[in-house]
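Novice: Here it is, the structure, as C-alpha cells.
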Amino acid sequence: MERILSLRTYLLLLALTIFFYCNCFKTQKPNIEVPKKPYRMLASTWSSDIPSIKKFVQFYDEMHPFIYTLKGGRKNTGEVTNVWSEKETKDLISYVREKSPKTLLIPTIFRWENSSELIMEAIGAKDEENRIRTKHIEAILSEIDRFGWDGIDIDYEGMGCDRKEAFESFLLELKSKLSTKGKLLSVAIHPKTASGETTLLKCPGLKDPIKVDYIESYKGQWTHDYEFLGKVADKVKIMAYELYPRGPGFPGPGPQAPLDWIEKILDYALTKIPKEKLYMAIPTYGYDWPLNCEGETKAVYYSYSRKIIREKQPIQKEPTSITQLVKTIPRSTKDWPQLDPYLYRHVGKVYEDPSLWYSEDGCDHVAFYMNRKAFATKYNALKKRKIAGFSFWQLIRDNDPEIHSFLEEAIQENLKEGNVEGAIKSNQN
C-alpha cells in the first residue's frame with residue numbers, strides 16, 4: 001500500500017513539475033503595437049488642360065487626361081481618337097513622370113451615347129461576333145503600350161438598358177487584358193440614391209431583368225451596375241454632379257452637388273462597392289440661371305463668379321437657403337417661372353454652396369458656384385467615410401485658386417500626421 005502511494009505521489013509530482021516547467025518557459029508573445037495601414041484619401045482629377053496639369057500635378061495621386069473618344073458616330077470603328085497631338089501627349093507624360101513620379105496617368109475614353117454618337121458596337125451590343133469590340137479593346141491596349149499609360153478610364157454614359165450585358169462583358173474582357181499587362185481599369189459612373197424598394201426592370205434584348213433599388217431609374221444608371229463594377233474595376237468613380245443641370249424647366253436652379261445628396265449617394269454606393277475602390281467626383285463649377293426671362297444658363301467658374309460680384313453688386317449668400325431667400329430678395333417681376341414651380345425641391349434644405357442673386361436689364365438671376373469653404377465641407381464628408389478618394393470635374397485654369405490651396409494644406413496635413421487610424425494590441429499566448 002505504501003509503495004502504491006509512493007508511486008502515485010511520484011507520478012503526481014512529476015506531472016506538476018512538467019506543467020510548471022512548460023508554463024514557465026513557454027514563449028510569451030509580447031504586447032505589440034501593430035499600426036493599421038495609414039488612411040489618406042487619394043486625390044484624382046480629369047483634365048485636358050495641359051498648363052493646369054503641369055501646374056498642379058504634384059497635388060494628385062491620379063490624373064485622368066480627358067483626351068480620348070470613340071471614332072465614328074452612328075457606326076463605331078473600334079478605333080479611338082486623341083485630342084492631343086502625339087508630341088503633346090509624350091511631352092506631358094515625360095513632364096509628369098519627372099515632376100511627380102508618384103502620380104498615376106490613366107487617360108479617359110469618353111462618350112455620351114445619343115442619336116448621332118453611339119457606343120453599342122464598341123462594347124459588342126448587337127454584334128454576336130464582337131468584331132468591333134475586339135478591335136476597340138486592341139486599340140485601347142495599343143494606346144497604353146504606345147505611351148506607357150498606367151491604365152484606362154472608361155467613361156461611357158447615357159446608354160440604354162439594352163446595353164447593360166454587353167457593357168459588362170466588354171469590361172470583363174478589357175479587365176482581363178489589362179491585368180496581364182499590370183494595368184488598371186477605372187470606370188466613371190452615374191450617381192444613384194437608394195429608393196427603399198426593389199423592382200425588376202425587364203428590358204428587351206437582355207437575358208435577365210435589371211434589379212432597380214435606386215431612385216434614378218433611367219438611361220445610364222440602368223447600365224451601370226454598382227455591385228458588378230465594384231467587383232471588376234480597380235477604381236470606381238461616381239460622377240456626383242449635375243443634380244441641377246443647365247437649361248430651362250425641371251428641376252430648375254440649384255447647386256450641382258449639395259452635401260445631403262452626396263451623403264445619399266455614399267449611403268447607397270457603400271452597400272455595393274468596396275470603399276477601397278470608391279471615389280466621389282466633385283464639380284468645380286456651378287451655373288447662372290435666368291429666373292424670369294429667356295436666356296442661356298451659363299457655367300460659373302472662378303473668373304465669372306468674380307465678374308458677377310465686381311460688376312453686378314449681387315446679394316451674396318453662403319450657406320444658401322433658397323426657400324427663405326425667395327421671401328426677401330427683390331424681384332423685377334412677380335413670378336420667377338424658372339424657379340417658383342420647383343421650390344418644393346428645396347424645402348428644409350440649407351446648401352453649403354455660395355450663391356449670387358442679381359438683376360440685369362429686368363432679368364433676375366441666381367448663380368451657384370464652388371469656393372474653398374464649400375469644397376472643404378464636401379471633402380471632409382468624404383474623408384470621414386474613409387473612401388478611396390475624390391475626383392475633380394474638372395481641373396482647368398479657371399478653378400478657384402483657394403481650392404488648390406486647401407488641397408495642398410490637406411496633403412501636407414496627411415503627410416505630417418500620417419493620419420494613422422490607431423493601433424491594435426496583440427496579447428496572444
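The values are calculated or read from the model by the stated rules, or taken from the named source; none is laboratory data. Nothing here was measured: the structure is a model prediction, and the numbers come from that model. Every residue, glycine as well, gets a Cβ built from its backbone with ideal geometry; the counts of neighbours run over all protein chains shown. Remember, those area values only see protein heavy atoms, side chains included, never the ligands or the DNA or RNA. Shrake-Rupley method; radii C 1.70, N 1.55, O 1.52, S 1.80 Å.
Novice: Report, by chain and number, residues whose modeled amide H sits under 5 Å from the one on Gly124, excluding near sequence neighbours (fewer than 5 apart, same chain).
Specialist: Arg133
Novice: Determine the percent antiparallel among the DSSP beta bridges restricted to the chain, to the nearest 5.
Specialist: Taking every DSSP beta bridge with both residues in the chain, the antiparallel ones total about 45 percent.
Novice: Here's a follow-up. Quick check for you: with a 1.4 Å probe and neighbouring chains kept, what is the accessible area per residue of the chain, in Å²?
Specialist: So the chain comes to 50 Å² accessible per residue, rounded to a whole number.
Novice: Another question about this same structure. In the chain, which whole DSSP H runs stretch at least 30 Å along their own axis (Cα) and average -0.5 or higher on the Kyte-Doolittle scale?
Specialist: 2-25
Novice: Using Cα centres only, tell me the gap between segment 352-370 and segment 274-316 in whole Å.
Specialist: The distance from the Cα centre of segment 352-370 to that of segment 274-316 comes to 9 Å.
Novice: Three principal axis extents, largest first, for the C-alpha atoms of segment 294-377, in Å?
Specialist: Computed over the Cα atoms, the extents are 35, 31, 21 Å.
Novice: Sticking with this structure for a sec: Which far-off residues, 5 or more places away or on another chain, put their amide H under 5 Å from the one on Val80, with H placed in the peptide plane?
Specialist: Long-range HN contacts for Val80: Lys71.
Novice: Give me the net charge of Tyr304's neighbourhood, meaning all other residues with Cβ under 9 Å from the Cβ of Tyr304; Lys, Arg count +1, Asp, Glu -1. Spell out each step's value before the answer.
Specialist: Numbers: positive: Lys298, Arg306, Lys307; negative: Asp288, Asp398.
So the surrounding residues net to +1.
Novice: Continuing with the same structure: Can you list the lysines whose alpha carbon is less than 21 Å from that of Lys75, not counting same-chain residues fewer than 8 positions off?
Specialist: List returned: Lys126, Lys135, Lys164, Lys219.
Novice: In whole Hz, what ³J(HN,Hα) sequence does segment 353-361 give by Karplus (6.51, -1.76, 1.60; θ = phi - 60°), x for Gly and Pro?
Specialist: Going residue by residue, I get 6, x, 9, 10, 10, 8, 10, 9, 6 Hz, with x marking Gly and Pro.
Novice: Using the Karplus equation 6.51 cos²θ - 1.76 cosθ + 1.60 (θ = phi - 60°), what ³J(HN,Hα) coupling, rounded to whole Hz, does each residue of segment 113-120 give in order, writing x for Gly and Pro?
Specialist: Once rounded to whole Hz, the list reads 5, 8, 5, 9, 9, 9, 10, 3.
Novice: State the label only: which of (1) 24.8; (2) 21.3; (3) 29.5 corresponds to Kirkwood radius over Cα pairs in Å computed from the shown model?
Specialist: Identified label for the calculated read-out: (1).
Novice: Carbon and sulfur together cover what percent of the accessible area of segment 36-178 at a 1.4 Å probe radius?
Specialist: That share works out to 52 percent.
Novice: How large is the dipole of segment 227-274 about the Cα centre if only Lys and Arg carry +1 and Asp and Glu carry -1, each at its Cβ, rounded to the nearest 20 debye? Show your work: numbers first, answer last.
Specialist: On the way: 6 positive and 6 negative charges, 33 e Å.
In total the dipole reaches around 160 debye.
Novice: From the phi angles alone, apply the Karplus equation (6.51, -1.76, 1.60; θ = phi - 60°) to segment 228-239 and give each ³J(HN,Hα) in whole Hz, x where the residue is Gly or Pro.
Specialist: Each residue of segment 228-239 in turn: 4, 5, x, 8, 8, 7, 7, 9, 10, 10, 7, 7 Hz.
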